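Read-outs throughout are calculated quantities, based only on the coordinates presented, and are distinct from any laboratory measurement. Given the structure is predicted, the values throughout are model-derived calculations rather than measurements. Cβ sites come from the backbone with ideal geometry, for glycine too, and all protein chains shown count toward neighbours.
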Ligand code: CUA
């Protein structure tokens, strides 16, 4: 018996040490986890964080008082071998009133700020300064449209610091959930019904976001970035995007040789034999532009941010994005080439098919896309 008690003691000790270790390591490495709600950088997230801390305060107070009283009573009134049977008590109105009133008070202290916060998070921001953004969820990427600016982009949402952003969200297919842990709480996104969300970034930075509702095979790889920029930098971004004049994808699957699909560099068009030779000779942007048309990329992807059509992500500004394939592959030449050549290996189940693009062709396509 004594031996078992000793063993239990050492197990309890080890568990305690492990818990302490997790707490210490967890707090020391807070930054490597940017998708944490514990470091809010926007007014919406700050409001939710404040509510969490209020609830935590009351829960901690209740825990300490109740467990403290319990431990005190267990020690103070513990039975000794010769004790007589304690006095039997049946009901005490005063005690019962107190233990009903105190929890009711604590619940009110939590309920009032909770309900107030819920209503605030569902408010619609008003004013000419509010930046409107339409969010469209797709399996498995995010489309962002700026109706006031006439721009469309994908997977990277640029916003100005200090300005409220009002999101109107819908999906093209199944349920998704839009979540930027450091800026705003998550909100579900539905087909045929729009939901709203708002936030205001307080400081510049890259804030990772993530789909938070299981939406199929690649749900875990349906990420995005929110890039909060100083107002001047944001205006620069908008200007660059408005100046993108690459080929635009047609609304439905177009014939590759349709007028909309004519390469911008038509004057430099190469004939098929020259194209093959140029591709073999090394990454070439003119060859890349023709491959973009011939391989059918343009059927789904627009390279013009002011032309929103296309069933695939708008690729205007792709050369400057941090990530590709919806926020989870670093935007390096090697990754982009791999993604173009083997989409079904990189992210099985996406709409982009393996088109049999050779290594050399992928290099030219990467060189071409890097210009955009
Ligand atoms: Cu979209 Cu999970």
Original post:
By how many degrees, between 0 and 90 and to the nearest 10, does the Cα long axis of helix 43-76 differ from the longest principal axis of the chain?
Top reply: 30 degrees
Subject >> the chain: angle of helix 285-294 to the longest principal axis, Cα-based, in degrees nearest 10 >> reply: 80 degrees
**OP:** Apply the Debye scattering formula to region 105-222, with a single equal point scatterer on each alpha-carbon and no solvent, then give log10 I(q)/I(0) at q = 0.12, 0.15, 0.23 Å⁻¹.
**Re:** -0.47, -0.70, -1.40
Subject >> Highest to lowest packing among 352-365, 82-95, scored as the average C-beta count within 10 Å >> reply: 352-365, 82-95
**OP:** Highest first, please rank the peptides 188-201, 121-134 by the mean number of other Cβ atoms sitting within 10 Å of their residues.
**Re:** 188-201, 121-134
Original post:
So what is the diffusion coefficient of region 39-92 in µm² per second by Stokes-Einstein at 25 °C and 0.890 mPa s, using a Kirkwood Rh over Cα pairs?
Top reply: 163 µm²/s
Original post:
Over region 32-148, what is the mean sequence separation of C-alpha contacts under 8 Å (at least six apart), divided by residue count, expressed as relative contact order in percent?
Top reply: 21 percent
**OP:** Determine how many Å³ per residue the convex hull of the Cα atoms of region 132-178 encloses.
**Re:** 74 Å³
Subject >> region 211-247 versus region 100-156: alpha-carbon centroid distance in Å >> reply: 18 Å
**OP:** Calculate how steeply helix 93-121 sits against the longest principal axis of the alpha-carbon atoms of the chain, using the helix alpha-carbon long axis, and give the answer as 0 to 90 degrees to the nearest 10.
**Re:** 10 degrees
Subject >> Paired Rg and Dmax values of region 86-174, which use every Cα atom, in angstrom >> reply: 24.8, 80
**OP:** Enter the Cα centre distance for the pair region 36-66 and region 163-185, rounded to the nearest angstrom.
**Re:** 22 Å
**OP:** Take the alpha carbon atoms of region 189-204, find their center, do the same for region 298-372, and report the distance between the two centers in whole angstrom.
**Re:** 26 Å
Original post:
For the chain, what is the convex hull (Cα atoms) projected area averaged across all directions, in square nanometres?
Top reply: 28.6 nm²
Original post:
Taking every eigenvalue of the Cα gyration tensor of region 177-226, multiplying by 5 and rooting it, what semi-axes result, largest first, whole Å?
Top reply: 20, 15, 7
**OP:** Order the peptides 228-237, 56-65 from the highest to the lowest mean number of other Cβ atoms within 10 Å of their residues.
**Re:** 228-237, 56-65
Subject >> Relative contact order (%) - the chain, alpha-carbon pairs under 8 angstrom, separation at least six >> reply: 15 percent
